[in-house]
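Contents: one structure, followed by commentary.
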Amino acid sequence: MATTSATSGVTTSTGTDAYGNTYTTSVSADGLQSEDFIKLMLKELSLQDPTNPVDSSSMLDSQLQLSTLEANLATVDAMGTLTDTFQQNALSNAASLIGNIVENGEKDDKGNVKQYKVSSVEGSDGKVYLTAYEITGYYDVYTFAETENSNDSLDSTNSEDSITLTDSKGETHTIETSGKTYDQLAEEINAISGVSASMAENASGKYQMVVYVNGGNSSITSTGDLNMSYSINSATTYNEEADTLLYSGITKIY
């Protein structure tokens, strides 16, 4: 017959021997603890056959194994909690990288270390990943003072007038400006490697020469009587497709 013992959640099946003694045939429990085992051991001892006593050392060994199992399960639970905490901390730290430029040591076809701008972070399977866009170029952008028409002549009549452009490699390029129009100047600047220039119509219907210098770290100066004013800004271009980077693989942050 099967009965439920005083120990909560433990079901024991019992039988009766030829002498009328009751003995336990099986025990089942989803949450058996050390305290439950001790109660069962005492109950077993009280019901044992005096002519064939239970081996107490075997019962104690079983209890020790149960205690070891409980300790291992507790360790597994603690490690699981620690892993969750670690992932949350890593995710929180990674969130501070959003908007920053990072490197992970990968290089492009030219041997240059790739740089990425981070747009978002995500945790998955115990790891933290960054969604980022690879930077494809840096530019200095020069916007010159406006003029009525793109074919207007420059205010440059001195034969010594010129502008000098220093590119990102430190190389200088000097262009004479005397007697030239804005269109002609933009065309000559546009012929320089790594530089582009054009006349663009602005919202007011007037024209401005815009010069892009690849790589940044450039400068433009004028000599002689020529005084061409401009504003300078920096621009960055990115790959259209996002990359997924492993947070632990980041080697440099800007």
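The values are calculated or read from the model by the stated rules, or taken from the named source; none is laboratory data. Keep in mind that this is a model prediction, so the values were computed, not measured. Cβ: placed from backbone, ideal geometry, glycine included. Neighbour counts: every protein chain shown. Areas reflect the complete protein model, heavy atoms only, side chains present, ligands, DNA and RNA absent. Shrake-Rupley method; radii C 1.70, N 1.55, O 1.52, S 1.80 Å.
Could you tell me whether any residue of segment 207-224 is out of contact with any helix residue (DSSP H, G or I) (no Cβ under 8 Å at 6 or more places or on another chain), among the small types (G, A, S) and over 30 Å from V102 (Cα atoms)? Among the residues of segment 207-224, at least one is out of contact with any helix residue (DSSP H, G or I) (no Cβ under 8 Å at 6 or more places or on another chain), among the small types (G, A, S) and over 30 Å from V102 (Cα atoms), which makes the answer yes. When each of V118, V76 is tested for being out of contact with any Lys or Arg (no Cβ under 7 Å at 6 or more places or on another chain), of a type in the set (V, I, T) and either closer than 30 Å to K169 by Cα or modelled with pLDDT of 80 or more (or both), the lone residue that passes is V118.
For segment 172-231, a tally of residues being basic (K, R) and in contact with an Asp or Glu (Cβ under 7 Å, 6 or more places away or on another chain) returns 1.
Can you pull out every residue in segment 121-151 that is among the aliphatic types (A, V, I, L, M) and either touching a Lys or Arg at 6+ places or on another chain (Cβ under 9 Å) or surrounded by fewer than 17 Cβ atoms within 10 Å (Cβ to Cβ) (or both)? Answer for segment 121-151, where residues must be among the aliphatic types (A, V, I, L, M) and either touching a Lys or Arg at 6+ places or on another chain (Cβ under 9 Å) or surrounded by fewer than 17 Cβ atoms within 10 Å (Cβ to Cβ) (or both): A132, I135, V141, A145.
Selection within segment 162-182: residues that are open to solvent by 60 Å² or more (accessible area, probe 1.4 Å) and within 39 Å of the chain's Cα centre (by Cα). The member of this set that is nearest to G216 (Cα to Cα) is K169.
If only residues of segment 226-254 that are assigned to a loop (DSSP other than H, G, I, E, B) and under 22 Å from L185 (Cβ atoms) are counted, the one that is most open to solvent (accessible area, probe 1.4 Å) is N227. Restricting attention to segment 183-225, the residues being open to solvent by 40 Å² or more (accessible area, probe 1.4 Å), assigned to a loop (DSSP other than H, G, I, E, B) and hydroxyl-bearing (S, T, Y) number 2.
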